[in-house]
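Take a look at the structure below.
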Amino acid sequence: MITRRGLIVTGGATLLAGCDAWSGSPVLLSAEDAHRYLQRSINGRAALAREFRPEQRSPRFRTNGTANPNTPEYNALAANRFADWRLQVGGLVARPLSLSLAQLRSLPQRAQITRHDCVEGWSAIGKWQGPRLETILRLAGLRDGARYIVFHCADAFGQRRIPYYESIDLVDAFHPQTILAWAMNDAPLGIGHGAPLRLRVERQLGYKHAKYVMRIEAVASLAGIGRGKGGFWEDIAGYEWYGGI
Amino acid sequence: MQVYRHRLITRIWHWVNALAVLVMIPSGLMIFNAHPRLYWGNYGANFDHAWLSLPRWPGWLTLPSTYDLAGARHWHLFFALVLAFSLLIYLLWSLANRHLQRDLRFRRDELSAAHLAGDLRAHWEMRFHDPEDPRAYNLFQKASYALVLFVLLPLLIFTGLALAPGMWPWLADLFGGRQSARSLHFIAMALLTGFVVVHLTLVILAGPVNEVRSMITGWWRSPEAEPGE
């Protein structure tokens, strides 16, 4: 028998299920480009994220995502305090590089106390130090056609052990606060926070700040990397590639 | 007596805004479920002191109905643009056509204690319209519409913008830090939800068919014209 209550419940459930199905519709997804365009137009491409004083830091900076890649290769590198680790820089570059931690430390450094904003809603403030990504990209020399910088990581996340990666465009790659941090709060980066090297791209959400960076690749297109959406969480869960919102 | 009560721009904005609010509250609750704790200040995470820590909202209140932070953000960030730009257009338009100045301005005599008490008694007796001028909003109506238009909706928009790491850094500073902005965003949402509940209750008490029709066609039948009165 069809009751009014039954109709309302069924109708409501159908409507909700319908809405759930629309969550990934192209119309909704178009908002990402609109926000990116609006933010960069009114905020400026080179606008700096807020920097804080040392006493404004979080007393305890929680870890998130992978806490330890824990692969045989990574454990061997960690056991030797990453003395044998090398950052590979390749793809569309004139001079592919292989850089040790000591070499990264000897480049001009930038230190910044910034707020890390997780997509989940929490924030933590910490100090990060390392060379600017721009310095490294200029050493390698981007070739014509390079549009994105991809960061390949040592960790594989989730039950299916899918390799973590992230990507940013050249606007953020050459931003003054975009650094490759090897130090956090005046100490070498801990394993929980991405040792030996993590990306800091301060005007975007936490998932963009790739940890355990092993290789940097300059590419013309994100298609063909992972599932083509530009990052681990973008591929797996559908998070926005532009993490400024 | 038929009264032309709501102009086209008001009617369009009302329904666009209603849809945006209807999407943004449930999708916002889903986003909240990803970290159901609120803090004051610039930072705030699991080890820091939360002033409010709630259980997760049930699926029938959230959009999407099962845990999906990415999907909720798609809904929320799309309708954020709808909400903000429709409000901007509506407010500018309503300044230009003098809707705000004419219908929402408090007159001095309305603010007297006697008038306030009279309005309160009229509400209690479910008389919502001045028979002398049935088109006019009463004082509480004006106050609540002004609160939504000039305080709650702008506060929701700007605290929401302050949460975006790519947005102006001073915006988060203005609210006392990003986590304070997040707390204020939540409080403003709770107040707006309160408004929606009161608003819908009063629509039902005042005669839902007549009220809803007036927000669709613009034409409202004043109580004197109701049959049997």
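Could you list all residues from the stretch B:121-132 that are surrounded by fewer than 17 Cβ atoms within 10 Å (Cβ to Cβ) and either within 13 Å of B:P223 (Cβ to Cβ) or at pLDDT 90 or above (or both)?
Filtering the stretch B:121-132 for residues surrounded by fewer than 17 Cβ atoms within 10 Å (Cβ to Cβ) gives B:121-127, B:130-132.
Of everything in the stretch B:121-132, those that are surrounded by fewer than 17 Cβ atoms within 10 Å (Cβ to Cβ) and either within 13 Å of B:P223 (Cβ to Cβ) or at pLDDT 90 or above (or both) turn out to be B:R121, B:A122, B:E125, B:M126, B:R127, B:D130, B:P131, B:E132.
Checking the condition touching a residue at least 24 places away in the same chain (Cβ under 8 Å), in contact with a Lys or Arg (Cβ under 6 Å, 6 or more places away or on another chain), more than 12 Å from every other protein chain (Cβ to nearest Cβ) and surrounded by 15 or more Cβ atoms within 10 Å (Cβ to Cβ), which residue from B:V16, B:V3 passes? Can you show your working first?
On the way: B:V16 fails: in contact with a Lys or Arg (Cβ under 6 Å, 6 or more places away or on another chain).
B:V3 is the lone residue from the list that is touching a residue at least 24 places away in the same chain (Cβ under 8 Å), in contact with a Lys or Arg (Cβ under 6 Å, 6 or more places away or on another chain), more than 12 Å from every other protein chain (Cβ to nearest Cβ) and surrounded by 15 or more Cβ atoms within 10 Å (Cβ to Cβ).
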Restricting attention to the stretch B:54-101, and to residues there that are surrounded by fewer than 16 Cβ atoms within 10 Å (Cβ to Cβ) and aliphatic (A, V, I, L, M), which single residue is nearest to the other protein chains (Cβ to nearest Cβ)? B:L81
If A:A154 meets every condition in (1) part of a strand (DSSP E or B); (2) surrounded by fewer than 22 Cβ atoms within 10 Å (Cβ to Cβ) apart from one, which number is that one? (2)
So is A:L133 under 21 Å from the mean Cα position of the chain (by Cα), within 29 Å of B:A172 (Cα to Cα) and buried (at least 20 other Cβ atoms within 10 Å of the Cβ) or not? yes
What's the number of the only condition in (1) touching a Lys or Arg at 6+ places or on another chain (Cβ under 8 Å); (2) within 14 Å of another protein chain (Cβ to nearest Cβ) that A:E120 fails to meet? (1)
Note on the stretch A:123-156: residues farther than 14 Å from A:H209 by Cβ and aromatic (F, W, Y) are A:Y148
Only residues that are surrounded by fewer than 16 Cβ atoms within 10 Å (Cβ to Cβ) and in contact with a helix residue (DSSP H, G or I) (Cβ under 9 Å, 6 or more places away or on another chain): list them for the stretch A:39-61, please. A:R45, A:A46, A:L48
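Might you let me know whether the stretch B:79-98 holds any residue that is charged (D, E, K, R) and outside any loop (DSSP other than H, G, I, E, B)?
Step one: of the stretch B:79-98, the residues charged (D, E, K, R) are B:98.
Now drop any that are not outside any loop (DSSP other than H, G, I, E, B), which leaves none.
No, the stretch B:79-98 contains no residue that is charged (D, E, K, R) and outside any loop (DSSP other than H, G, I, E, B).
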Quick one: which of B:L116, B:L149 is away from every other protein chain (no Cβ under 14 Å) and in contact (Cβ under 8 Å) with a residue 24 or more places away in the chain? B:L149
Exactly one of these conditions fails for B:F47: (1) within 12 Å of chain A (Cβ to nearest Cβ); (2) of a type outside the set (V, I, T); (3) touching a strand residue (DSSP E or B) at 6+ places or on another chain (Cβ under 6 Å); (4) over 25 Å from A:G238 (Cα atoms). Give me its number. (3)
Among the residues of the stretch B:156-170 satisfying the criterion of being more than 10 Å from every other protein chain (Cβ to nearest Cβ) and touching a Phe, Trp or Tyr at 6+ places or on another chain (Cβ under 9 Å), which is surrounded by the fewest Cβ atoms within 10 Å (Cβ to Cβ)? B:F158
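Hey, which of the helices (runs of 4 or more DSSP H) in the stretch A:11-116, taking only ones fully inside, have at least 3 residues that are within 12 Å of chain B (Cβ to nearest Cβ) and closer than 30 Å to B:L161 by Cα?
Values: elements: A:26-43, A:72-79, A:101-106.
Helices (runs of 4 or more DSSP H) meeting the threshold: A:26-43.
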Taking A:K127 and the conditions (1) within 14 Å of chain B (Cβ to nearest Cβ); (2) on the phi > 0 side of the Ramachandran plot; (3) among the basic types (K, R), which numbered condition does it fall short on, given that it satisfies the others? (2)
Within the bounds of the stretch A:182-203, is there any residue that is over 24 Å from A:G44 (Cα atoms), touching an Asp or Glu at 6+ places or on another chain (Cβ under 9 Å) and of a type in the set (G, A, S)? yes
In the stretch B:102-129, what residues are of a type in the set (K, R) and outside any loop (DSSP other than H, G, I, E, B)? B:R102, B:R108, B:R121
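Taking the conditions exactly as written (under 23 Å from A:W233 (Cα atoms) and modelled with pLDDT under 95), does A:R203 satisfy them or not? It would help to see each step written out before you state the result.
Numbers: under 23 Å from A:W233 (Cα atoms): yes; modelled with pLDDT under 95: no.
Answer is no for this residue.
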Looking only at the stretch A:3-48, filter to residues that are at pLDDT below 90 and of a type in the set (V, I, T); which one of those is farthest from A:I236 (Cα to Cα)? A:T3
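The values are calculated or read from the model by the stated rules, or taken from the named source; none is laboratory data. All values reported here derive from a predicted model rather than from experimental measurement. All Cβ positions, glycine included, derive from the backbone under ideal geometry; neighbour counts span all protein chains shown.
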